[in-house]
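Taken together, the values in this text are just the output of simple stated rules run on the coordinates, not laboratory data. Bear in mind the structure is a predicted one, so any value in this text is a computation, not a measurement. Every residue, glycine among them, receives a Cβ derived from its backbone with ideal geometry; neighbour counts consider all protein chains shown.
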Amino acid sequence: MLFDEEECECPPKGLPAYMSTFADLMALLMCLFVLLLSFAEIDAIKFKHLAGSMRMAFGVQRVVEADQIPLGTSIIAQEFSPSRAEPTVINTVTQQSIDQVLKKLQVDSTRLSESAGLDKTDVLRKQLEKLFLQTRKDAIELANALSEQIAKNEVEIETQGREITVRIKEQGSFASGSASLQPGFNQVLYDVRDVLIDKPGNIHVQGHSDDVAISTARFRSNWELSSARAVSVAHALLSGGVLDSQRFIVSGFADNNPLKANIDPVSRAANRRVEIVIRQDITTELQAQLNHLKAKDPKRYHHVDSESFRRFNIRPDEVF
C-alpha cells in the first residue's frame, strides 16, 4: 500500500531539448557528404581494371551485348561467341579469352565486300535509270514540238543514255548539193530552239553525207558540204540569242559515220543528214563513283552502265 501511494516521477512531456541540436547537426553532416561526393571523380580506367580483375578472379562469365559484331557461331546452339565456335548441346554462351582475342576474329571479308558491292551497284543503277528517264522525257517533249515533221518522216528523235539525237534528214531540209535550208524549215529549228532553252546539256550539231564524192565551185568535198550544213543548222538555233553559243559544238563528218551501208539510193539518202545531239552529262559525284567502280570491277561497271548503250526511238504513236 505504501508503494502504491508513492508518487511516480515521470519524464516531462515532449522530446529532450538536445534533439533539436542533434537533428540540425545530422542534416549539416549529410549536406557535407553529399557535397564531397559531388566533387569526387571516379577513375573509369582504374575502375574497369579493378572490375575486370575481380571478374576474372571469380570466374564471372562475360556478357556479349547484342549490339556488338557477331564473333562466331555454334553449329548446334546457333549462338554468337567471341571464341572459336564448338558444337554443343548446352544453350550457354561462354568464352575463355580476354578483349585482345577480338583482334583475331575470323571474318569472311570477301562475302561482305561482295554484298556491299552489290548494294552499291544497285544504288548506282537506280540513279542512272532516273537520269535516263528524265532524258527520255525531254526527248518526248522535243518530239511533241516536231510531231508534224516526224509524221512526214523528215525528222527522227531517239535517246541513248543521257543523249538525245534529233536527226534532220536531207528530204525537206536541204536541196541536193546545197547547204541552204529549204524555205519554211527554219521554223522547225526554231521549235527545237524553244524547247532547248530550259534543257541542260551541250548541243553538238553534226553534218553527215553519203559516199558520193562532190566537187563544185561551192564545195570541194563532202567535208565542206557536211560542215556547211551543220553551220546552217547551228545559225538557225542561235538566232534570237536565246541559246548560249558556248553550249554549241559544230562539226562535219562527211561519209565517215553512216547510218546504213551506202549500197543503194535509199541508204545514201538516209546517210545525208544533220544531227542535233544534246548531251546531258551526269553529276560529278556520280561520275566519280562510276570511274571508281570501272577501275575496281570492270565487269560490274559494264553491267551498271549497259543501260546507256540502249537506244530508244521516239515513235509517232508516242507523240501527242
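Peptides 251-258, 293-300: what's the order by average Cβ count within 10 Å, highest mean first? Can you show the working numbers first?
Numbers: 251-258: 16.6, 293-300: 12.6.
Taking the mean over residues of other Cβ atoms within 10 Å, the ranking is 251-258, 293-300.
Go ahead and collect, in residue order, the members of region 149-188 whose backbone nitrogen is under 13 Å from a label point 7 Å along the Cα-Cβ direction of residue 216.
It comes to 174-182, nothing else.
Arranged from highest to lowest average of other beta-carbon atoms within 10 Å per residue, in what order do the peptides 132-143, 277-288, 157-168 appear?
Values: 132-143: 18.2, 277-288: 13.9, 157-168: 22.1.
So the peptides 132-143, 277-288, 157-168, ranked by packing, come out 157-168, 132-143, 277-288.
Once you compute Rg and the Kirkwood Rh from C-alpha atoms, what is the Rg to Rh ratio for region 116-318? Mind showing how you got there, number by number?
Numbers: Rg = 18.6 Å, Rh = 18.2 Å.
Rg divided by Rh gives 1.02.
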